[in-house]
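See below for the structure under consideration.
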Amino acid sequence: MSMANYAFEVSQTSAYAPEILEGLSSAERRDDAASAPVRDESDLSTGLALEDINLSFGGVVALAGVDLSIKAGEIRAIIGPNGAGKSSLINVISGVYRPERGHVVLNGVRYAQVPTQKLAHLGVARTFQNLALFKGLSVLDNVVAGRAHTVRSSFAGQIVGTPLSRRERRDSYDRAIQILDFLHLGGVRDRLAGTLPYGLQKRVELARALVAEPRLLLLDEPMAGMTATEKSEMASFIRAARDRFGMTVVLIEHDVGVVMELSDRIAVLDYGLKIADATPAEIRSDQRVIDAYLGVVSENEDGGGI
Amino acid sequence: MSALATEFTVAPTLPKWAAPVLVLIIAYGVVPFVGTSYLFEAILLPFLALSLAGLGLNILTGYAGQLSLGSAAFMAAGAFAAYNFNLRVEGLPLVGSIILSGLVAAGIGIVFGLPSLRLRGFYLAVSTLAAQFFVQWALTKFSWFSNNSSSGVIDAPTLSIGGIVFSGAAGRYLFSLTIVTVITFLAYRLVISQTGRNFIAVRDNETAARIIGVPVLRTKLLAFAISSFIIGVAGVLWAFAYLRTVEPAGFNLDRSFQILFIIIIGGLASIRGAFFGAALIVVFPLVLARLGSFLLGDIFDSGVLDMSQRIVLGALIILFLILEPDGLVSLWDRIRRRLGSALRLTRR
Ligand SMILES: Nc1ncnc2c1ncn2[C@@H]1O[C@H](COP(=O)(O)OP(=O)(O)OP(=O)(O)O)[C@@H](O)[C@H]1O
Ligand SMILES: [Mg+2]
């Protein structure tokens, strides 16, 4: 795993589409490398750890003493019935919610609340259970917006078009186009995001998260409301993204078939408690999980809430 | 999707800059020579100032999604700041006063934009009213702003840029046109930049924007600053080029609403929208007056005119909100596409 991360660190700038970067001059390539964020070299074998996370909403316990440790490069599914606290967990990891007790450990740093506005700099990107695209922007601009955290030029520089702002602009657009092609979204590049069918919007959200080159990717039901074909397509995109970019993935998904096939390990939540944390094969035969979740899986196909 | 694709191919294939360049050629090359002083004084000068104010508000409300009812206050701040810079700073060229006055308006905009970090929508709009009432109160209360003139009304200075004096109605029109053109171009560059994208991101989904690394607080305050700068300069044009006097009374809440209506009718989050909306707001009362006196004769006095203006305008706004929420701009684009496809069909 550390090998994969090493490769990711080295090839950061060219990981997305080496074939396109080959066309660039070496001078431009140096610029890219210089503008890439410097990453913390500390403990990379643990992608993410949660310590004793507690969260409740006016009496409703969303998370109760949840511990979780996820290895770098792993795909970790989180399953459980509706209202089990899965989305709350992702909201805690991304700093949208502040837990009442417990810590999130990211890149070796412990946070009582993860600073949301620095999330992208910490190498974390996410998608939302309910679509959270910028409806008034085109698909391409939505994905370009995913590079917002790398922008150094000021608004004045962007208006007059300084070399820095032009370089950033070209770089963001190049990367966004590469990601869109990678996810087979090239054909809808110029459409307004809000006008796309639901399944495609979900995929655009994934593109917006991927373009940030995260080391940790949080996906909250990326396949909800999709047909079986769309689901398997999405699953292959997620696996391809992990294999290609070496990122850690936390995946919430109700479709047990997809989850079993895609994830390295599965954590099961029920009423805010983690009731299991094991490999797919072990989960399948765990009686508590069968009682709490797998037995009633068909009723949980479409999730509501955050 | 195929329907959308054909709509795109049917749209006129002229480059994007063709229409604005054509408009500028006419505005500079034809209008000054054929325009009457009525056209300049009653239509084009208020149109240019209001378009610029609409453009400024559209950056804040249309693009960044922050509702404001304080536009007239920023116009007043700009106008009075320019007057005082011009009066009190020896040797400062007019363009310098205008830029400084825009910066003053921007500063006031940032202060009154601070509530936007906590409030949104209706509550934010109400808090921007504070700007409206405070600025108007301060300008009336402290006569220093009006150079202690007894009436509170003061004459605007002569207009000049780089030694060229713009006198007469046509001259003032050219002066306004130049400033509006330059600022509109810069605003266009802004809205297509990463910063413009950040504005829309904050408007459409603040949480998602924060998560991808958009500095949300800074972006909101920047929108207030840039918007107020532009509206401040619009205030200078309104006072110096159109009215030729500087007085607080013209910058009241009615004016703030008028500018908001301009962008609602013209089209939110669109550069052209401000111009379309301002054209309608300026021309419509004139047309209504003519039409009214033609149809009803003497009964249609100024009181009735004022009343019917308000009623028709109110109805128009409701109609637009229901039928054409994207404003005149999208109506215009649709008509153009229809015409384009009709032409294409007849040619075949
Ligand atoms: N912002 C909130 N305010 C109040 N209650 C909340 C909030 N977010 C979550 N909850 C509550 O916390 C509990 C866990 O919700 P959460 O959204 O994390 O569940 P979930 O596992 O994602 O469910 P689903 O599968 O339906 O998406 C639920 O009882 C929910 O009602
Ligand atoms: Mg959920």
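The values are calculated or read from the model by the stated rules, or taken from the named source; none is laboratory data. Please read all numbers here as calculations on a predicted model, not as lab measurements. Using ideal geometry, Cβ is built from the backbone for each residue, glycine included, and neighbour counts are taken over all protein chains shown. Each accessible area value is taken on the protein alone, full model and side chains, heavy atoms only, with ligands, DNA and RNA left out. Shrake-Rupley method; radii C 1.70, N 1.55, O 1.52, S 1.80 Å.
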Expressed to two decimals, region B:117-162 has a Cα Rg over Rh, using the Kirkwood radius, of 1.22
So what does B:Tyr83 come to for accessible area, using a 1.4 Å probe and Å² rounded to 10? 20 Å²
To the nearest 0.05, the calculated FRET efficiency linking A:Val160 and B:Asp301 through their beta-carbon distance, R0 being 41 Å, is 0.20
A:Phe57 accessible area, 1.4 Å probe, all protein chains in place, Å² to nearest 10: 90 Å²
In Å and from the alpha-carbon atoms only, list the Rg and Dmax of region A:42-135. 13.3, 38
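Ignoring ligands, DNA and RNA, what percent of the accessible area of region B:88-226 is carbon or sulfur (1.4 Å)?
Working: 4360 of 6470 Å².
The computed percentage sits at 67.
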Accessible area of B:Trp144, 1.4 Å probe, to the nearest 10 Å²? 130 Å²
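Can you pull the Rg over Rh of chain B, Cα-only, Kirkwood? All intermediate terms of the calculation are to be shown ahead of the outcome.
Details: Rg = 20.9 Å, Rh = 21.3 Å.
Rg divided by Rh gives 0.98.
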Between A:Ile78 and residues 5 or more places away or on another chain, which pairs have amide H atoms under 5 Å apart, with H built 1.01 Å from N, and which residues are they? A:Leu251, A:Ile252, A:Glu253, A:Ala267
Which of the lysines could a cross-linker span from B:Lys16 if the Cα-Cα distance has to be under 28 Å and same-chain partners fewer than 8 positions apart are dropped? A:Lys135
Size of the protein assembly as shown as Cα extents on the principal axes (Å, biggest first): 90, 67, 58
How large is ³J(HN,Hα), in whole Hz, for each residue of region A:156-173 in order, when computed from phi with the Karplus curve 6.51 cos²θ - 1.76 cosθ + 1.60 and θ = phi - 60°, using x for Gly and Pro? 5, x, 5, 5, 7, x, 5, x, 4, 5, 5, 5, 4, 4, 5, 4, 4, 5
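Taking beta carbons within 10 Å but only from partner chains, what does the mean come to for residues A:151-158? It would help to have the intermediate numbers written out before the result.
Values: counts 8, 0, 3, 2, 14, 5, 2, 8.
Mean shielding count: 5.
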For region A:192-206, in residue order, the Karplus 3J(HN,Hα) values (coefficients 6.51, -1.76, 1.60; θ = phi - 60°; whole Hz; Gly and Pro = x) are 5, 4, x, 8, 7, x, 3, x, 5, 4, 4, 5, 5, 4, 4
What residues have an amide H closer than 5 Å to that of B:Thr245, excluding those fewer than 5 places away on the same chain, when H is modeled at 1.01 Å from N in the peptide plane? B:Ala156
Determine the order of B:Thr346, A:Thr248, A:Thr279, A:Thr227 by accessible area, beginning with the largest, at a probe radius of 1.4 Å. B:Thr346, A:Thr227, A:Thr279, A:Thr248
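What does the charge count near A:Arg203 come to, summing +1 for each Lys or Arg and -1 for each Asp or Glu among other residues with Cβ under 11 Å from its Cβ? Please list the in-between numbers first.
Values: positive: A:Lys202, A:Arg208; negative: A:Glu205, A:Glu230, A:Glu233.
Value of the local net charge: -1.
For every other residue with a beta carbon closer than 13 angstrom to the beta carbon of B:Leu117, add +1 if it is Lys or Arg and -1 if Asp or Glu, then tell me the sum.
Values: positive: B:Arg118, B:Arg120, B:Arg210, B:Arg218, B:Lys220; negative: B:Glu206.
Net charge in that neighbourhood comes out at +4.
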With x for Gly and Pro, the residue-by-residue ³J(HN,Hα) of region B:236-246, computed from phi through the Karplus equation 6.51 cos²θ - 1.76 cosθ + 1.60 at θ = phi - 60° and given in whole Hz, is 4, 5, 4, 7, 7, 9, 8, 6, 6, 9, 10
Take B:Tyr38, A:Tyr173, B:Tyr63 and sort them by solvent-accessible surface of the protein heavy atoms, 1.4 Å probe, largest at the top. B:Tyr38, A:Tyr173, B:Tyr63
Distance violations [Cα-Cα > 31 Å] among A:Lys86/A:Lys231; A:Lys231/B:Lys220; A:Lys86/A:Lys118; A:Lys118/A:Lys274: A:Lys231/B:Lys220
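Can you sort B:Val23, B:Val89, B:Val202 by solvent-accessible area, 1.4 Å probe, largest first? Don't jump to the answer; show the numbers that get you there.
On the way: B:Val23 95, B:Val89 60, B:Val202 10 Å².
I get B:Val23, B:Val89, B:Val202, largest accessible area first.
Summarise the partner chain shielding of B:209-222 as one whole number: the mean count of Cβ atoms from other chains within 10 Å of each residue's Cβ. The partial results should precede the final answer.
Details: counts 5, 10, 20, 16, 16, 6, 4, 2, 1, 2, 2, 0, 0, 2.
Per residue, the number of nearby Cβ atoms from other chains is 6 on average.
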Using 7 Å Cα-to-Cβ label points, what is the B:Val111/A:Met260 separation (nm, one decimal)? 6.7 nm
Multiplying the sequence separation of A:Arg170 and A:Thr227 by 0.36 nm and subtracting their Cα-Cα distance, what value in nm do you get? 17.0 nm
